[in-house]
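What follows is a short report on a single structure.
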Amino acid sequence: MKAYQSEVQVETRDAQPTRLIWQGQAYPVQAVLDRWRYGGRWWLGERPRTCYLVQAGVLTVELHQEDGEEGRWWLARLQD
């Protein structure tokens, strides 16, 4: 998998990603392959987050959502 760290828009239902928009293209999420929690490197100011490995259209991607009010989403890695 290739690292990206690129912000994406993610639509959710019942706290699960259902669609992501990356580089102007929409990808429906067909399956959540894995889900885990990451505590973040607190000594660097990183927030804890929920991570997902999803199949979205032709993409297999690792998405992260930060905890907190903003709940920023980003594409962490993309299978190449």
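We did not get these values from a lab; they are worked out from the coordinates using the rules stated. Predicted, not measured: the structure shown is a model, and the values here were computed from it. Neighbour counts run over all protein chains shown; Cβ positions are idealised from the backbone, glycine included.
Below is a table of values for the structure above.
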read-out	value
Amide H partners (placed H, <5 Å) of TRP22, local residues excluded	TYR27
Cα point-scatterer Debye curve for the chain, base-10 log of I(q)/I(0) at q = 0.17, 0.19, 0.22, 0.26 Å⁻¹	-0.62, -0.77, -1.03, -1.41
Estimated FRET transfer efficiency (ASP80, TYR38; beta-carbon r; R0 25 Å; 0.05)	0.70
